[in-house]
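Structure first, commentary second.
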Amino acid sequence: MATSQKEAAASRRSFKVSMACNIVLSLGRGRSCAIDTWSSLVTNGIRSDNGVPFASPNGLFNLSKLSVWWLRLGIEIERIKPGHPQQNGRHERMHLTLKKEATRPAGANFLQQQARFDDFVAEFNAERPHEALEMKCPAEVYTPSTRPYSGLPELSYPLHDREVMVTHYGRVCMHRKRVNVSTVLAGQRLGIKEVDDGIWIVSFMRYDLGFIDLEQKTLQTTDNPFGAGL
């Protein structure tokens, strides 16, 4: 199975679970709450590990389709160090409880499994007290984001010379030359600006990806501009 197909399959599995357990948001040190990712509100940032679907080992700067979508929504990416699950301990602990109580044994079919996830969310958020919350339930202390979801904002680059669209194959076309960027950015609009003869800086949103050398038809990446390391 190709990498993109694996990402898509993993993404579907992740979202199937996320409809029930969803994203764990911090309520302070060591505190967490499972909330509905399909709400009309947008969080400011998401901490994740470096695996699919949050990251892609073959994507530019390890970006994935999901993390690109988050960036478009203005969500900051924060990735833990590889092999350090303790840096996202509250999320890992919630997953341990989720797997123990909602997947062992698993439901006989998708509908039964989804019902088990739904029951888990209701209990985890509204019925089960948490020691880290002074024996309160997450729903009692959770404050929703103040950022409404209103779709993806349009991209514009007023400080660049021109805009280019990344093709389905992850390329940009400039002066009849094709330069590989990344398939995770397929369909995204980039800004480019010539900084030297045949050398163009290329940006996605407010992030500089690197420099395109038209003669060599290559993208020389900069230091990873996405996500703070822990």
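Would you please name the residue that is farthest from LEU155 (Cα to Cα), looking only at residues in the range 45-61 that are crowded, with 20+ Cβ neighbours inside 10 Å, more than 9 Å from the chain's Cα centre (by Cα) and not small (Gly, Ala, Ser)?
VAL52
So which residues in the range 99-156 are under 30 Å from TYR207 (Cβ atoms) and touching a Phe, Trp or Tyr at 6+ places or on another chain (Cβ under 9 Å), if there are any at all?
LEU152, LEU155
Check the range 91-112 and report whether any residue there is modelled with pLDDT under 90, more than 19 Å from GLU123 (Cβ to Cβ) and loosely packed, with under 14 Cβ neighbours inside 10 Å.
No - not one qualifying residue is present in the range 91-112.
Please go through (1) more than 28 Å from the chain's Cα centre (by Cα); (2) crowded, with 17+ Cβ neighbours inside 10 Å; (3) not small (Gly, Ala, Ser) for ILE192 and return the number of the only condition it doesn't satisfy.
(1)
If a residue has to be among the charged types (D, E, K, R) and over 22 Å from PRO138 (Cβ atoms) to count, how many in the range 50-95 make the cut?
5
Which condition does SER39 not pass, out of (1) surrounded by fewer than 19 Cβ atoms within 10 Å (Cβ to Cβ); (2) farther than 26 Å from ARG206 by Cα; (3) at pLDDT 90 or above, if it passes all the others?
So the condition that SER39 fails would be (3).
The values are calculated or read from the model by the stated rules, or taken from the named source; none is laboratory data. None of the values given here were measured: they were computed from a predicted structure. Every residue, glycine among them, receives a Cβ derived from its backbone with ideal geometry; neighbour counts consider all protein chains shown.
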